[in-house]
Amino acid sequence: MSCCAPGAEMALEMAASAPPSSEEIKLASRSLGGDMHQTDLSVPTAHCGACIQAIETALCKVENIESARVNLSTKRVSIRWHGDSVPPFFAVLGRLGYQAHLFDTEIDEKDRTLSELIRAVAVAGFAAGNIMLLSVSVWSGAEGATRDLFHWLSALIAIPALAFAGRIFFRSAANALRHGRMNMDVPIAVGISLAYAMSLYETIDHGEHAYFDASVSLLFFLLIGRTLDHVMRERARTAVNGLSRLASRGSLVLREDGTREYLPVAELVPGLRLLIVAGERIPVDGDIVSGNSDLDCSIVSGETEPKTVSAGAHVQAGTLNLTGPLTMQATAAAKDSFLAEMVRLMEAAEGGRSRYRRIADRVSALYAPVVHLAAFVTFLGWMAASGDWHRAMTIAIAVLIITCPCALGLAVPIVQIVAARRLFEAGVMVKDGSAMERLAGIDTAVFDKTGTLTLGRPKLVNASSIDPTMLAIAADMAAHSRHPFSRAIASYAGYCGQPSVGSVTEHPGFGIEAVTQGNTWRLGRRGWAGWKARTGGEGKPGGYGGTVLSKNGNIVACFAFEDALRQDAKAAICQLKDAGLSVDMLSGDTAKACSEVAKSLGIASFAPALLPSGKVEWIEALTRAGHKVLMVGDGFNDTPALRAAHVSMAPATAADIGRQAADFVFLRESLLAVPLAMDVSRRAGRLIRQNIAIAIAYNAFAVPIAVLGHVTPLIAAIAMSASSLIVIGNAMRLDATAKAAPEAPLARRRTDVIEAARP
Amino acid sequence: MTTLVYLIPVALFLGALGLSGFLWALRSGQYEDLDGAAERILIEPDQRDGEGRQN
């Protein structure tokens, strides 16, 4: 574990999320027949050989676990187990310092497109290699019957290659034409099939030149580009899907006759009574029937303060029940809940993005007609000049082949995959290539506050002014609660080695009570804990905190909290401003909380207490004013805004739906991921434009030669390969320059977290 | 010319052998976890005895 040492950072995160219940695990696992089950977990922090070994060894020692296998590429563990009860794999992984998440098995379908693409690449490569071999013999002077034999062999090898590997392009081209559109696949499909048909005619006619090699090797190069493009998107998508999901999977239903049953979320209907224990998320909107608790609403509304709820209160799906068990009555099915409303808002806000077209598409829309026109004009010209239709056709096909967008097809995906790889190493995942293109063009960055600029995790700010003995007692008590304030205090546990307190009871909505040596200690709300201190003025060394520690009703310590800023938030904002962006902050939290954060980060423009639709309006107003907006946010309430913005980014801790909506997801705590992603995207954008320029320059040079009829197949093959190699070489420069960028953030982050945990 | 009659089929056959080998490896899932495979080579075999042998 020495190379990973996720221990310190994980310790903090582990506390933040409770493992799913065993019913939930059962719902998420696949039955393999008999009493065998397979459960797939995502373990985002596994990243080396030692991790594989640690995880597999530990899991295989657990009773009832048949086998465990780590997939390091997708960062997943598949565990096969038997028996009725679910083995405690979350606990085992937690002890090792790995945070695990369940994910949907439906998402885990095999990637058929990728294997189809790879098979196509293999077949095209095989055919291209063999045909090249035969072509070289022809070029080096084979004559007569030998040449015809080689041509016939080439034709035979090319047929299955075109049929199998070319299918991908033919399908897409046919689809585009049927809808009256033009894409890059149309010139490719026309070029290779015309070249093949013409070569076949030449072969039958005992002609000198055939273009089978050009036709197939073109396919080979283009398929490589296509595959790279696909790999990049797929990799990011699986990684994003693999992270923890925050919408709950099911809930315990209390039937009329007193029986309990665990139902998946989709089967929850209004009127059902649900039992929500502390640490669970509310699955659907509903009303509380009985019980008291605190709810963490930060992911839904952006409010940092937990909300106290009791019977009669209305609760929203997605909020986290923190302190006490609740019985609630569902008032909406999952599809009608707050979450579903977000999805509707999201769809409404979609417009801004779907209008964007990728650079490659824009270029090819111009490129394809030009190429076809050039070939056609060449044909007409030679027809008029020589009257020899066969010669005119041969030259026109040479034009088509030499202009074929081989370099163009590789230029964009290869730069994007190098850039995505670079970002992936820095902990930023990219959904697709167009996201990077869009990010390169932004001029305004809009941040959400809770969970994005801040961690959504309160931090004790007046620890230094509290009596260390009192702090230690409070920390000991707080360790028994899941309330965010308690967790903040509990991180000071063991601070000065006090004996631990005795019996502890939690009063949901109020605080924690402990009795030791005849003394009653209370940690919680001022009015409840300090029941003798009615004036509220006593014993306030540090000031204004609503949370106090009392001994027999007398307040002995006050605690003040502040939402901790995300690491490097200030540096990130500064870098964005230096890059010429204007930075705004939008939040659902109160004006007071917002202004404090905005002031400390130097953000001049902010809007507090916004509803989800308010955020969308704000972004749409900016868009109408001609700005290109980057939205950075987490939470359900940011999701429509993430969709409405030109490009969006979310931390890995964001709500499931938020991560789905965002174009970028950053895994590490540091906000420097935002300027880094922008920097890499801008450089990638420059390289893409350079590559396109190279491709165009190459054509400007090659086309006249082809039009004049001087292109032999040898020249066409060399020119085409050379242009592809230049483009690939240029794309690799991104990696070379990016290597110089610091690896430091990770190392620094780790020490900072350790310091934060032990002040 | 007569040598070509042997050599070309032999060349094509060897190429096809390589291709089918690759397709077989692809189908049997050997490319599913390239990162993991690169790391697993460092793990001592006796320590991994009797575990994770499926797939």
Summed side-chain charge close to A:Ala174 - residues other than A:Ala174 whose Cβ falls under 14 Å, Lys, Arg +1, Asp, Glu -1: +3
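Have a look at the DSSP beta bridges in the stretch A:542-650 and tell me what percent are antiparallel, nearest 5. If you can, show how the numbers build up before the last one.
Details: 5 of 11 bridges.
Bridges in the stretch A:542-650 are about 45 percent antiparallel.
Net charge around A:Glu303, counting only other residues with Cβ within less than 11 Å of its Cβ (Lys, Arg = +1; Asp, Glu = -1)? Numbers along the way, then the final one.
Values: positive: A:Lys307, A:Lys449; negative: A:Asp296, A:Glu305, A:Asp563, A:Asp589.
Local net charge: -2.
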Cα convex hull volume per residue for the stretch A:634-709, in Å³, equals 116 Å³
Residue by residue through the stretch A:171-184, what is 3J(HN,Hα) from phi via Karplus (6.51 cos²θ - 1.76 cosθ + 1.60, θ = phi - 60°)? Round to whole Hz and write x for glycine and proline. 4, 5, 5, 4, 5, 5, 5, 4, 9, x, 10, 10, 9, 4
Counting alpha carbon pairs within less than 8 Å and at least 6 residues apart, what relative contact order, in whole percent, applies to the stretch A:122-175? 50 percent
Using a Förster distance of 35 Å, the FRET efficiency for A:His314-A:Asp257 (Cβ separation, nearest 0.05): 0.85
Enter the accessible area per residue of the stretch A:409-448 (Å², integer; probe 1.4 Å; all protein chains in place). 17 Å²
Name the residues of the stretch B:9-38 whose accessible area, probed at 1.4 Å, falls by at least 50 Å² once all protein chains are in place instead of their chain on its own? B:Leu12, B:Leu19, B:Leu26, B:Glu32, B:Asp33, B:Asp35
Subtracting the Cα-Cα distance from 0.36 nm times the residue separation, let me have the gained length for A:Ala700 to A:Ser503 in nm, one decimal. 62.6 nm
In whole Hz, the Karplus estimates of ³J(HN,Hα) for the stretch A:48-63 (6.51, -1.76, 1.60; θ = phi - 60°; x where Gly or Pro) are 7, x, 5, 5, 4, 5, 4, 5, 5, 5, 5, 5, 5, 7, 5, 4
Backbone HN-Hα couplings from phi across the stretch B:8-14 [Karplus 6.51/-1.76/1.60, Hz, Gly and Pro as x]: 5, x, 4, 4, 5, 5, 5
For the pair A:Ala163/A:Arg181, report the inter-label distance in nm, with labels modelled 7 Å from Cα in the Cβ direction. 3.0 nm
Per-pair calculated FRET efficiency, R0 = 30 Å: A:His47 and A:Ala693 via Cβ, rounded to 0.05: 0.20
So between A:Ala579 and A:Ser595, what do we pick up on full extension, going 0.36 nm a residue minus the alpha carbon distance? 3.4 nm
Cα-based Rg then Dmax for the stretch A:372-481, in Å, read 32.3, 103
At what distance in angstrom do the alpha carbon centres of the stretch A:389-436 and the stretch A:81-102 lie from each other? 44 Å
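Of the accessible area of the stretch A:414-471, with the probe set at 1.4 angstrom, what percent is carbon plus sulfur? Before the final figure, lay out the partial values.
Details: 790 of 1460 Å².
Solvent-exposed carbon and sulfur of the stretch A:414-471 make up 54 percent of the total.
How much FRET efficiency would the formula 1/(1 + (r/R0)^6) give for A:Phe376 and A:Thr520, where r is the Cβ-Cβ distance and R0 is 60 Å, rounded to 0.05?
On the way: r = 93 Å, r/R0 = 1.55.
Efficiency at R0 = 60 Å is approximately 0.05.
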Around A:Met429, which amide H atoms from residues at least 5 apart in sequence, or from another chain, sit under 5 Å from its own amide H, with H modelled in the peptide plane? A:Val665, A:Phe666, A:Leu667
In this structure, among A:Lys592/A:Lys628; A:Lys75/A:Lys459; A:Lys431/A:Lys592; A:Lys26/A:Lys431; A:Lys570/A:Lys592, pairs with alpha-carbon gaps over 27 Å are A:Lys592/A:Lys628; A:Lys75/A:Lys459; A:Lys431/A:Lys592; A:Lys26/A:Lys431
What nm distance separates the two modelled labels at A:Gln38 and A:Ser22, each placed 7 Å from Cα along Cα→Cβ? 2.3 nm
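As a test of the definition: with a 1.4 Å probe, what buried accessible area, both sides summed, do you compute for A against B, in Å² to the nearest 100? Mind dumping the intermediate values first?
On the way: alone 32180 and 5330 Å², together 35040 Å².
Protein heavy atoms only, the A-B interface buries about 2500 Å².
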Can you tell me the accessible area per residue over the stretch A:573-691, all protein chains present, probe 1.4 angstrom, in square angstrom? 34 Å²
Between A:Lys628 and residues 5 or more places away or on another chain, the pairs with built amide H atoms under 5 Å apart involve A:Asp443, A:Thr444
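Pull out the extension gain between A:Met732 and A:Leu156, defined as 0.36 nm times the separation in residues minus the alpha carbon to alpha carbon distance; nm, one decimal.
Numbers: separation 576, 0.36 × 576 = 207.36 nm, distance 3.65 nm.
Residue separation times 0.36 nm, minus the Cα-Cα distance, leaves 203.7 nm.
The values are calculated or read from the model by the stated rules, or taken from the named source; none is laboratory data. Bear in mind the structure is a predicted one, so any value in this text is a computation, not a measurement. Cβ atoms come from the backbone with ideal geometry, glycine included; neighbour counts cover every protein chain shown. Just the protein is used for accessible areas: all its heavy atoms, side chains included, with ligands, DNA and RNA removed. Shrake-Rupley method; radii C 1.70, N 1.55, O 1.52, S 1.80 Å.
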